[in-house]
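Only one structure is covered here, and it is reproduced in the block below.
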Amino acid sequence: MLELGCGRGELLRGAANRGWKVRGVEMTEAFARIARETHGIEVEWASIQSAESLGETYDVVVLAAILEHLYDPAETLDRVRRALCSGGLVFIDVPNECSLMTRVGNAYLRLRGKDWAINLSPTFSPFHVVGFCPMSLRRLLGRAGFRPIVFELHRWNIPLPPGGGLRGTLERAGLSVVLSLGKIIGMGAGMTCWAVRL
């Protein structure tokens with residue numbers, strides 16, 4: 001199993017405890033060091049675009065909260081496909097840009113006179129530079145040579161900062177309602193997908 005953007009290696013440590021042979025790629029040096037030193041995980045300190053680990057072959061590649069940060073997710077999925085054995089699986093976890101939360105949140109910000117968007121954030125961390133809706137993610141996977149076998153929309157828990165008086169309390173309550181309703185009507189805030197390499 002290879003995890004791209006493995007952070008401190010917690011998921012890989014859990015997989016290794018279950019018998020998986022694991023490897024990670026992490027571009028934050030401190031996180032890669034923690035994964036190696038604390039969890040004993042083999043981690044390449046590199047960007048996904050330059051990762052030599054993608055030259056190996058794997059049964060599973062994990063991209064959890066990664067594709068939305070990449071300027072060329074199609075190129076990454078092409079490399080992932082080449083790194084997977086026949087019938088290998090990729091796991092993807094991305095925000096749903098077509099979620100009820102995105103639509104209601106952006107409308108709310110416009111009503112407040114804010115020139116902001118709650119979804120794509122190319123100018124502030126964590127730098128979401130590409131967005132996906134269910135159809136666009138399915139198309140991207142198909143073009144890259146994958147077939148989704150499990151595709152789910154989720155509620156996701158998205159915390160707002162504490163404080164803000166009555167308005168902050170109402171915003172947090174409203175967000176909770178919108179997230180729950182989005183899940184019920186098939187417009188959840190997050191998408192997860194398992195796809196098989198064709």
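A few remarks follow.
- Of the residues in region 61-73, none is without any contact (Cβ under 8 Å) to a residue 24 or more places away in the chain and farther than 23 Å from VAL130 by Cβ.
- For region 69-91, a residue qualifies if it is within 15 Å of the chain's Cα centre (by Cα), in a helix (DSSP H, G or I) and surrounded by fewer than 20 Cβ atoms within 10 Å (Cβ to Cβ), and the qualifying residues are HIS69, ALA74.
- Residues in region 125-150 that are more than 15 Å from the chain's Cα centre (by Cα) and among the hydrophobic types (A, V, I, L, M, F, W, C): MET135, ALA144, PHE146, ILE149, VAL150.
- When PRO73 is tested against (1) out of contact with any Pro (no Cβ under 8 Å at 6 or more places or on another chain); (2) within 17 Å of THR192 (Cα to Cα); (3) at pLDDT below 95, only condition (3) is not met.
- Candidate set from region 92-112 (those that are among the hydrophobic types (A, V, I, L, M, F, W, C) and over 20 Å from HIS69 (Cα atoms)); member that is surrounded by the most Cβ atoms within 10 Å (Cβ to Cβ): LEU100
- The residues on offer are ARG155, ARG167, ARG147, and the sole one that is closer than 19 Å to GLY87 by Cα and of a type in the set (Lys, Arg) is ARG147.
- Where GLY145 falls short, out of the listed (1) surrounded by 15 or more Cβ atoms within 10 Å (Cβ to Cβ); (2) more than 19 Å from ARG23 (Cβ to Cβ); (3) out of contact with any strand residue (DSSP E or B) (no Cβ under 8 Å at 6 or more places or on another chain): (3)
- Cβ-Cβ under 8 Å pairs, at least 6 apart or on other chains, region 93-112 side at positive phi, far side crowded, with 19+ Cβ neighbours inside 10 Å and at pLDDT 95 or above: none
- Positions within region 50-65 being touching an Asp or Glu at 6+ places or on another chain (Cβ under 8 Å) and either modelled with pLDDT under 95 or assigned to a loop (DSSP other than H, G, I, E, B) (or both), in sequence order: ALA51, ALA65
The values are calculated or read from the model by the stated rules, or taken from the named source; none is laboratory data. In this text, all values refer to a predicted model and were calculated from it rather than measured experimentally. Methodologically, a virtual Cβ is constructed for each residue, glycine included, from the backbone with ideal geometry; neighbour enumeration extends over all protein chains shown.
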